[in-house]
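First comes the structure, then the notes that go with it.
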Amino acid sequence: MTSLSRLLLATTAVLLGAGAARAADGAEVLDSACGACHAREEGGYDRIDAVRKTPEAWDMTVQRMGRNHGVSLEPEERAAVVRYLADTRGLSVAETEDWRYILEREPVAQDLGPNARMSETCGRCHSYARVALQRRTPEDWRHLVNFHLGQFPTLEYQALARDRDWWGIAQNEIMPFLAETYPLGEAPPAADLDLSGEWPVAGRQPGRGDYAGLLTLTATESGHDAALRLDFADGSSESFTGSGALYGAGEWRASLASPEREIRQVFALKEDGVLEGRWFELGRDVVGGRLTAARAGEGAAPRILGVSPGRLRAGETAEVLVTGVGLTGELQLPEGLTAEILSASDREVKLKLSAPEALGAVSLALGEAAAPEPFVVFGALDRISISPETAISRVGDGGGPIPRTPAQFEAFGWLNGPDGAPSTEDDVFVGRFPAQWRTENFDAAAEAMRDADYAGSIDQNGLFTPGVAGPNPERPMMANNIGNLKVVAEVEDAGRSLQAEAHLYATVQRFVDALIR
Amino acid sequence: MKIRPLSALLGVALALPALSRGEARDYIIAPSRPDKLVVVDTEAMAVDKVIRIKDAGPTPMVPVLSPDAKTVYAIVNRSESVVKIDLESGETLARVDFSTPERRVKALFGMDISPDGSTLAIFQTPVKLGTTHYEVEPTSIAFYDAETLELKREAPSPRQITLMMYSADGAKLYAIGRNLHIFDAQTGEMIEERPIQGWENDKRTPPDVLAVWSQYESSGVMSIPFYSFLLDKEPTDPEAGRTGLFTLDRETGESVMRDVEAMDVFYFSTAVNPAKTRAYGAYNVLQSFDLTTGKPIKRVALPRSYYSVNVSSDGKIVWLSGALSDVAAYDAETLERLGHVDLPEGASISLNSVRLFSRPD
């Protein structure tokens, strides 16, 4: 194991509620360790009570106090105080809604600030989401901006800073904007729920495909034991065990392992009781999947979590798996779609579907439970696209401590929709399709450097694996194995070959990484 | 140390005049990680001396030579200290730590010594360190006694200053920030400002300047590349992005902003020859410019990135360094590579200023 992945493991272990990370202990650590400098006054602890943020953000703060200010905590003390801070000074799930991709390490996301000024000032070094996932008093936002320039004095010399009165802008525009947009407000109460039970799940791992499965949670003294079984549509299965905890108003964090890999779960417990989020491999977080889970059992509101596959070609029949809870209602199909029920339970219904003609996007339901996405009956695709349209991979390994960061692509199939025109709002998303994948040099400069030969290779599941890090003596100027690449997907559909392109920046390592990037 | 003449190493590539006793010889002083100042004898093409500085890490950054070239000053210790070093013995004669437990003070890029050798001017950026929060404080220029390193006075200055240079007569102190700020060297009062970012704003975007390499010794001319876009051209037009050269003559005080070519490559830094007729820019290419016409002359590819440029006292050799760990010689006319000197331990010069100085042989 590399030193970096050990570090990530240690960091991740904090957000588990592992060991004796109980709230009472957290309060004690806060009082003894943090309170040594942060005076407790009428309004609470100096600074600490002027902020609300995510469990990851609290952990970054506690880490920094250790690294920069010599606060020495045992791992269980650190875990306890992070959990206590997240429970007492956290965000509601609603407050995190638009920005969860940064917590989930979701690779298909676009980080946009509210305007160019905020993007250039904050989003230049870290995600804007990192900003929007904080609430502070006006004074504390002022402290935070002062901290930035005080801690990183070259900040005002960097591109998009040296060309302007950076400190003037920071004081006169940025601080008031932050104070007004993200005021402290009230911390939501900690959920403190027993999540024990069986949670059917549905989701998809890009590059591998749809899965259904079961998350089993068992409450323990400090959190929950967790077991996860994923049954992939390709017939493979994987079982993980581990533990997790619910932080604050609804932030589920867990670490699990199968014999092959270690994963981390970052889910939100929604108001309707559904767990939703993403899991990813430790040290290779591009690889993972989105997941929705609902607790089964008596009284569970009927809910369809997933329908796989979510499409049917007209004139063909397909076996379709419907996953959910309380699936006891009557199957409701649109006209033109017929079904044979192969098997049925309250958690899983297997259907054999057929349709003589293309219907486009239609709704499926079992009683009151509607499928979360439209089901598509189609004849032939009109076009394909690649997701993501722009991606970044990073060189790694090669004797260095930082592993490679791959990039995962998928080919999406589309219908033009009622207006018959491609790439308009009424286009119908048909789903993901297997494709032939290749990379090409993006432009003449990439051609001259033979980027496609050096930067890495893409497999037929759309996974691009970048080259090793370090100067390459074979390349001009000993360049690293970086490259500017075009990713090309070809899908054979109904006797036609459809093609799409995406842009891949195969670039250098992320030398500074954080729980919230 | 056995000194081998450069001509023996480089064959006939260089036609250097034979040095006679007492004649000045060029040396280069390169700071390298984590604590070294490496002196290179450019005639012998060899490392002359390695000076190690206590508590200097992660790297000494800006070296400044006294006018008699017997003393070198350097910003060290995470940019929070300045040291005075005897160049012959390598001994640290004095040191000032700017920071206190309550106040952290960084000196990032700007330091120069007055021509009479009496005063060291250092740009400083401070932050007050409270128990639970920081407060950014105004920037200033601190004037130290070059002999004792005692603080003589401080003067408020604009933020974002990088390079500083005394006028030849010592009366003025030039500071590069978002504009050229000119201070009275005695009182520290800012007496004049000339546009850099404000230059030709009706025609182009504000020039982007990253000037962190002090390297004006042999010419007395500070030269800085800058980049902007013409407003009347489409951004996709290859002629829209422009490379410019700023020059400032410490003798005459004349400063010029000039557009020299379409921006097809970047130069990290530039330097001017002693005749003040040529400028040389480097990063991934080495380029010569004619300063009389303001046009590019010649460009060659480099085997790797170099950040800093110096021109020899006779104007015949361009010395490239920075980024990695060598100092490389190029013919100033043909831009042909003549040779290089590796620094000890492969230690990186990074983006430190590399200075050229002369002293009697």
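For region B:78-112, name all the residues that are in contact (Cβ under 8 Å) with a residue 60 or more places away in the chain and farther than 19 Å from B:L163 by Cα. Correct list: B:K84 only.
For region B:185-203, the count of residues that are crowded, with 22+ Cβ neighbours inside 10 Å and part of a strand (DSSP E or B) is zero. Scan region B:132-147 and tell me whether some residue there is touching a residue at least 60 places away in the same chain (Cβ under 8 Å), on the phi < 0 side of the Ramachandran plot and crowded, with 21+ Cβ neighbours inside 10 Å. Yes, that holds for at least one residue. Based on what the data block shows, is B:E102 facing chain A (nearest Cβ under 9 Å) and among the acidic types (D, E)? Considered against the rule, which asks whether it is facing chain A (nearest Cβ under 9 Å) and among the acidic types (D, E), B:E102 comes out as no. For region A:308-340, a tally of residues being in a strand (DSSP E or B) and touching a residue at least 60 places away in the same chain (Cβ under 8 Å) returns 8. A:E425 meets all of the listed conditions (1) within 29 Å of A:D513 (Cα to Cα); (2) open to solvent by 70 Å² or more (accessible area, probe 1.4 Å) but one, namely (1).
Considering only residues that are closer than 21 Å to B:L248 by Cα and either within 14 Å of chain A (Cβ to nearest Cβ) or open to solvent by 60 Å² or more (accessible area, probe 1.4 Å) (or both), which ones fall in region B:272-285? Show your work before the answer.
Here is the first cut: in region B:272-285, the residues closer than 21 Å to B:L248 by Cα are B:272-282.
Once the filter is applied, which keeps residues that are closer than 21 Å to B:L248 by Cα and either within 14 Å of chain A (Cβ to nearest Cβ) or open to solvent by 60 Å² or more (accessible area, probe 1.4 Å) (or both), region B:272-285 yields B:A275, B:K276, B:A282.
Here B:S79 fulfils each of the conditions (1) closer than 25 Å to B:V341 by Cβ; (2) within 14 Å of another protein chain (Cβ to nearest Cβ) apart from (1). Only one of B:L324, B:L320 is of a type in the set (A, V, I, L, M), touching a residue at least 24 places away in the same chain (Cβ under 8 Å) and closer than 29 Å to B:T252 by Cα; which? After applying the criteria, what remains is B:L320.
The residue that is farthest from the other protein chains (Cβ to nearest Cβ), among those in region A:28-38 that are open to solvent by less than 50 Å² (accessible area, probe 1.4 Å) and not small (G, A, S), is A:V29.
Residue by residue through region B:296-335, note down the ones that are more than 19 Å from B:F266 (Cα to Cα), within 14 Å of chain A (Cβ to nearest Cβ) and in a strand (DSSP E or B). Within region B:296-335, B:D326, B:A328 meet the criteria. Filtering region B:41-55 for residues that are open to solvent by 40 Å² or more (accessible area, probe 1.4 Å) and among the hydrophobic types (A, V, I, L, M, F, W, C) leaves a non-empty set.
Which residues, taken from region B:105-121, are surrounded by 14 or more Cβ atoms within 10 Å (Cβ to Cβ) and farther than 16 Å from B:M61 by Cβ?
Scanning region B:105-121 gives B:S114, B:P115, B:G117, B:S118, B:T119.
Does B:K84 satisfy being closer than 26 Å to B:I176 by Cα, within 14 Å of chain A (Cβ to nearest Cβ), in a strand (DSSP E or B) and at pLDDT 95 or above?
Spelling it out, it is not the case that B:K84 is closer than 26 Å to B:I176 by Cα, within 14 Å of chain A (Cβ to nearest Cβ), in a strand (DSSP E or B) and at pLDDT 95 or above.
I'm trying to understand the selection: among the residues of region A:177-219, which are farther than 30 Å from A:L230 by Cα and free of Cβ contacts under 8 Å to residues at least 24 places away in the same chain? Once the filter is applied, which keeps residues that are farther than 30 Å from A:L230 by Cα and free of Cβ contacts under 8 Å to residues at least 24 places away in the same chain, region A:177-219 yields A:E180, A:E186.
Looking at region B:300-309, can you tell me whether even one residue there is closer than 21 Å to B:Y174 by Cβ, touching a Pro at 6+ places or on another chain (Cβ under 8 Å) and touching a residue at least 40 places away in the same chain (Cβ under 8 Å)?
Checked against the condition, which is being closer than 21 Å to B:Y174 by Cβ, touching a Pro at 6+ places or on another chain (Cβ under 8 Å) and touching a residue at least 40 places away in the same chain (Cβ under 8 Å), region B:300-309 yields no hits at all.
Looking at region B:112-128, is at least one residue within 14 Å of chain A (Cβ to nearest Cβ), farther than 14 Å from A:F147 by Cα, under 22 Å from the mean Cα position of the chain (by Cα) and among the aromatic types (F, W, Y)? Yes, the conditions are met somewhere in region B:112-128.
So, in region B:218-243, of the ones that are part of a strand (DSSP E or B) and of a type in the set (G, A, S), which residue ends up surrounded by the fewest Cβ atoms within 10 Å (Cβ to Cβ)? For region B:218-243, the residue satisfying everything is B:G241.
Return the only residue of B:K152, B:K172 being under 19 Å from the mean Cα position of the chain (by Cα), basic (K, R) and more than 14 Å from chain A (Cβ to nearest Cβ). Only one candidate qualifies: B:K172.
Considering region A:39-56, and only residues there that are touching a strand residue (DSSP E or B) at 6+ places or on another chain (Cβ under 8 Å) and more than 12 Å from chain B (Cβ to nearest Cβ), the residue that is farthest from A:T137 (Cα to Cα) turns out to be A:P55. Among the numbered conditions (1) within 16 Å of B:G294 (Cβ to Cβ); (2) more than 14 Å from chain A (Cβ to nearest Cβ); (3) touching a residue at least 40 places away in the same chain (Cβ under 8 Å), the only one that B:W199 does not meet is (2). The residue list B:P67, B:P101, B:P58 contains one member that is in contact with a strand residue (DSSP E or B) (Cβ under 8 Å, 6 or more places away or on another chain), farther than 23 Å from B:S218 by Cα and open to solvent by 30 Å² or more (accessible area, probe 1.4 Å), which is B:P101.
For region B:244-252, the count of residues that are under 30 Å from A:P476 (Cα atoms) and crowded, with 17+ Cβ neighbours inside 10 Å is nonzero.
The values are calculated or read from the model by the stated rules, or taken from the named source; none is laboratory data. Predicted, not measured: the structure shown is a model, and the values here were computed from it. Quick reminder, even Gly has a Cβ in these numbers, built from the backbone with ideal geometry, and neighbours come from all protein chains shown. SASA here: full protein model, heavy atoms, side chains in, ligands and nucleic acids out. Shrake-Rupley method; radii C 1.70, N 1.55, O 1.52, S 1.80 Å.
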